[in-house]
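Contents: one structure, followed by commentary.
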Amino acid sequence: MMNLNALKIDPEFQGKIPPLTFEELNQLEANILRDGRIINPIIVWQGLIVDGHNRYTIAKKHPEIPFTVHEKEFASRYEAIIWICKNQLGRRNLTPEQKKYLIGKQYEAEKCANGGDRKSPAAKSGSQIGNLIGNPKTCKRIATENGVCKNTVIRAEEFAKGVDAAEEAVPGTRQKVLSGEVKPTAAEIASVARAPPEERPALVAEICKPKSPKPPAQKQKAPSAVAAPLPDASTSDEEAPDEEPTSTPAPSEPIFPQKENEPLKVDRQQILEIANNRYHIKQLANGAAMLCELSGAANSMMRRWESVFREYPDILSDAENRASVGRTIQKLRDYLKNLEDKMEELL
């Protein structure tokens, strides 16, 4: 058993790992004490912990508890960060902010590990490595791995840079943002990284202020009805469509009260014409109209998966369940790959 004192915590590595809540940490400690050992190994690279920070903390608290250490090999720090992000994205129930942050940090690290695009004018201008332009294939692959689109990966990188800049300006901000304690918009948090360093603390304080609740919308009073629409003889109440009319043509010759308190005179034929104009010829849906159906189905699947993972964490912690989930994910990957191939054939 390796000496715990030989292991070191790297702040950059640890910052990529969403911390456990107080209750989760207590539960982990209770499970370890119940088992009498730390089952999962502490994973390290060159003596730096890349996974198992919580297990390391508990091992130092209970030195009598046996533990194991697994050494991994990485070509660089960037490769280690990529592994950490992928590992966390694949095994944890994450908040949307945590997932976005990890995707952004993975993309940023992969660009640095690959050297980015050095052929473009932006790369040749001497920009820093953090601004290198990544290979579009890298962005697309990360998007596919995480079930998002390429633009989401690009926005995630901007979000991650903003979170890191906010943490540097005001320590503790990263945890507040990633846990959902404060909910700045993506544009607000990304703006921190673009602001001069001396302005960032004030900017972070501003965007982390509790948002004032919006006043309830005033209910508009419905205009007084001229008269209840009378159904045509061929249409019953049950057959009336749910849709509201897109427009209501005015009667050709409206009749207004001529004197105060005089009842309004309404022509029956005019009312029937108005009522009949509520009905529109239904059009067949085309591909453009059904794009929302595809997007809705994808979003629904992701919400349902996240709900199951959140309510039943043993799906990911149990080896057999995890293997089954992996097979399902592979089936989805195969389907999406076939779909991408078909789309490329049509180009």
**Report entry** Elements of type helices (runs of 4 or more DSSP H) contained in the range 61-170, each with 1 or more residues being buried (at least 19 other Cβ atoms within 10 Å of the Cβ) and at pLDDT 90 or above
**Finding:** 77-91, 96-114, 136-146, 150-169
**Report entry** Scan of the range 166-211 for residues that are more than 15 Å from Lys100 (Cα to Cα) and of a type in the set (S, T, N, Q), ordered by number
**Finding:** Thr173, Ser191
Query raised in the report: Are any residues in the range 8-25 at pLDDT below 90 and either over 26 Å from Gly104 (Cβ atoms) or surrounded by 17 or more Cβ atoms within 10 Å (Cβ to Cβ) (or both), and if so, which ones?
Result: Gly15, Lys16, Ile17, Pro18, Phe22, Glu23
Report summary line: Those residues of the range 27-63 which are charged (D, E, K, R) and under 20 Å from Ala80 (Cβ atoms) amount to Asp51, Arg55
Query raised in the report: Among the residues of the range 286-294, is any at pLDDT below 85, out of contact with any helix residue (DSSP H, G or I) (no Cβ under 9 Å at 6 or more places or on another chain), over 23 Å from Pro96 (Cβ atoms) and not in a helix (DSSP H, G or I)?
Result: yes
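The values are calculated or read from the model by the stated rules, or taken from the named source; none is laboratory data. These numbers come from a predicted model, not from an experiment. Because the Cβ atoms are built from the backbone with ideal geometry, glycine has one as well, and the counts that use them run over all protein chains shown.
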